[in-house]
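What follows is a single structure, written as C-alpha cells, with notes after it.
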Amino acid sequence: QVQLVESGGGSVQPGGSLRLTCAASRYTYSSNCMAWFRQAPGKEREGVAAIYSGGGSLYYDDSVKGRFTISQDNAKNTVYLQMNGLSPEDTAMYYCAAGSGWCTIDYITDWGQGTQVTVAS
C-alpha cells in the first residue's frame with residue numbers, strides 16, 4: 001500500500017482552472033490504477049478520472065471529459081489532475097486514490113486526505 005497526499009485545491013471563479021497534485025510516499029509501480037475521485041456534500045464519492053499503469057489507458061467521467069486531464073510522473077511518484085473550465089458543479093472534495101486492480105471505488109485500497117475545490121463567483 002501507499003500513502004497519498006493531495007494539494008493544489010482552492011477557490012476559483014467559474015471558467016477558471018486548477019491543477020491538483022498527488023504525491024505518493026513510495027514507488028507506485030504495484031498500483032495498477034491511479035485515480036481521482038470527488039465527493040460533494042450530500043452525494044456519494046464518484047470517480048472523476050483514472051490512469052492505468054504505464055499511462056496507456058485513461059478514463060474520464062462524462063461530466064469532465066474535455067475539461068479535465070489526468071497525468072502521471074512515474075519518476076516522481078506523482079499524479080496530476082488538470083482542471084479547466086470549472087463550474088460550480090465541480091465543487092467538491094477531491095481525493096487521490098490508488099489500487100491494484102480496477103479503477104472503481106470498490107477496488108481502491110489507498111486514499112489521500114482530500115483537497116477542497118470550490119468554484120463560485
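Worth pointing out:
- Around the amide H of residue 110, modelled in the peptide plane, lie the amide H atoms of 98, all under 5 Å away and 5 or more residues distant in sequence or on another chain.
- Packing, as the average of other Cβ atoms within 10 Å across residues, places the peptides 78-90, 103-115 in the order 78-90, 103-115, highest first.
- Summary of the geometry: the stretch 19-69 and the stretch 97-115, compared by the centres of their Cα atoms, lie 9 Å apart.
- Residue-wise HN-Hα couplings along the stretch 109-115, as the Karplus relation 6.51 cos²θ - 1.76 cosθ + 1.60 with θ = phi - 60° gives them from phi, are 10, 9, 10, x, 7, x, 9 Hz; Gly and Pro carry x.
- Accessible area of the chain divided out per residue, in Å², using a probe of 1.4 angstrom: 52
- Surface share of carbon and sulfur [accessible, 1.4 angstrom probe, percent] for the stretch 33-121: 49
- Relative contact order %, the chain, counting alpha carbon pairs below 8 Å whose residues are six or more apart: 36
- Loop-located chymotrypsin sites (Phe, Trp or Tyr not before Pro) across the stretch 1-60 with a Cβ neighbour count of 11 or fewer within 10 Å are 27, 29, with loop assigned by DSSP.
The values are calculated or read from the model by the stated rules, or taken from the named source; none is laboratory data. The structure presented is a predicted model; accordingly, all values stated were derived computationally and were not measured. Cβ coordinates were reconstructed from backbone atoms using ideal geometry, including for glycine residues, and neighbour counts include every protein chain displayed. We work out accessible area using only protein heavy atoms, side chains counted, and drop any ligands, DNA or RNA first. Shrake-Rupley method; radii C 1.70, N 1.55, O 1.52, S 1.80 Å.
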